[in-house]
Amino acid sequence: MRDVFQQELAEVQERLIAISELVAISIENAVRAFNESDVSVAEEVIENDVRIDELTVALDELAINILARQQPVARDLRIVVSALRISSSLERMGDMAEHIAQLARYRFPERAVPKGLRSTFAEMGRLDVEIAHKLTELLRTQDVRLAEEIRNEDDKIDELHVSVFDKVLGETWKGKPLATVDATLASRYHERFADHAVSIAKKVQYLATGAWIPEPDLP
């Protein structure tokens with residue numbers, strides 16, 4: 001029975017990694033669609049989110065089944081409970097990528113990125129993609145150094161997020177109301193994507209070290 005239980009725990013980890021890999025693909029494509037106004041890529045992201053949702057539900061069902069049958073305790077219990085919370089954050093990251101792609105689709109054939117903010121969003125997108133790949137590697141290896149790198153890159157995104165608001169609220173901003181809304185929403189989606197990655201990184205760090213870092217609630 002113990003061998004079966006360990007196999008099930010390993011399957012939980014494998015499924016988390018698989019979902020994280022899909023999320024990384026989604027944010028890569030969402031960033032491309034948003035920055036290049038590529039509607040076909042945007043559609044791929046939207047379709048891919050359905051798959052992420054399905055895998056998340058399946059993982060949650062597996063975790064709940066393990067809780068019911070195996071009644072894990074101590075670290076094993078923390079692993080299963082953390083998996084449920086991590087899968088929820090991954091699902092939300094997929095949603096953020098989908099929202100970014102939807103902005104690109106809604107504005108096609110125009111570009112959703114306001115001209116004066118294109119370099120800012122290009123950098124935010126680059127950082128989100130980098131974070132997504134590091135998160136997958138963190139889930140695979142539990143290398144806590146990656147958790148620290150993810151937090152550092154999230155700080156950079158937060159700074160860019162603030163700069164977007166400073167720009168659209170500044171006296172020199174000449175963007176139309178729709179461009180202002182697009183910039184505000186897109187910046188929020190990029191920032192929230194990274195925030196959820198940080199939330200996952202903290203949970204993985206806790207499992208690896210036993211040290212818990214408090215975190216704010218995320219929508």
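The values are calculated or read from the model by the stated rules, or taken from the named source; none is laboratory data. Values in this document were obtained by computation on a predicted structure and should not be read as measured data. As a convention, Cβ positions derive from the backbone with ideal geometry for all residues, glycine included, and neighbour counts pool all protein chains shown. Ligands, DNA and RNA are excluded from the accessible area calculation, which covers all protein heavy atoms including side chains. Shrake-Rupley method; radii C 1.70, N 1.55, O 1.52, S 1.80 Å.
Go through the range 1-51 residue by residue and tally those that are closer than 28 Å to Leu117 by Cβ, among the small types (Gly, Ala, Ser) and in a helix (DSSP H, G or I). Within the range 1-51, residues that are closer than 28 Å to Leu117 by Cβ, among the small types (Gly, Ala, Ser) and in a helix (DSSP H, G or I) number 6. Going by the structure shown, is Gln142 open to solvent by 40 Å² or more (accessible area, probe 1.4 Å), within 18 Å of the chain's Cα centre (by Cα) and at pLDDT below 95? It is true that Gln142 is open to solvent by 40 Å² or more (accessible area, probe 1.4 Å), within 18 Å of the chain's Cα centre (by Cα) and at pLDDT below 95. Given the condition in contact with an Asp or Glu (Cβ under 6 Å, 6 or more places away or on another chain), in a helix (DSSP H, G or I) and either of a type outside the set (S, T, N, Q) or without any contact (Cβ under 8 Å) to a residue 24 or more places away in the chain (or both), answer yes or no: does some residue in the range 198-217 qualify? Yes, the range 198-217 contains at least one residue that is in contact with an Asp or Glu (Cβ under 6 Å, 6 or more places away or on another chain), in a helix (DSSP H, G or I) and either of a type outside the set (S, T, N, Q) or without any contact (Cβ under 8 Å) to a residue 24 or more places away in the chain (or both). Within the range 57-72, being open to solvent by less than 30 Å² (accessible area, probe 1.4 Å) and over 11 Å from Val12 (Cα atoms) holds for one residue alone: Pro72. Suppose the filter is part of a helix (DSSP H, G or I) and over 21 Å from the mean Cα position of the chain (by Cα); does Leu84 pass it? No: the conditions fail for Leu84. Residues of the range 1-26 that are surrounded by 22 or more Cβ atoms within 10 Å (Cβ to Cβ) and under 13 Å from Asp60 (Cα atoms): Leu16, Ile19. Tell me, please, whether a residue that is in contact with a Leu (Cβ under 7 Å, 6 or more places away or on another chain), at pLDDT 95 or above, assigned to a helix (DSSP H, G or I) and polar (S, T, N, Q) can be found in the range 52-65. So far as the range 52-65 goes, yes, one or more of its residues are in contact with a Leu (Cβ under 7 Å, 6 or more places away or on another chain), at pLDDT 95 or above, assigned to a helix (DSSP H, G or I) and polar (S, T, N, Q). Where residues in the range 27-45 are open to solvent by less than 40 Å² (accessible area, probe 1.4 Å) and among the small types (Gly, Ala, Ser), which of them is modelled with the lowest pLDDT? Taking the candidates together, the pick is Ser37.
From Glu123, Glu110, which residue is modelled with pLDDT of 90 or more and over 15 Å from the mean Cα position of the chain (by Cα)?
Glu123
Selection within the range 135-167: residues that are touching a residue at least 60 places away in the same chain (Cβ under 8 Å) and part of a helix (DSSP H, G or I). The member of this set that is nearest to Ala183 (Cα to Cα) is Leu135.
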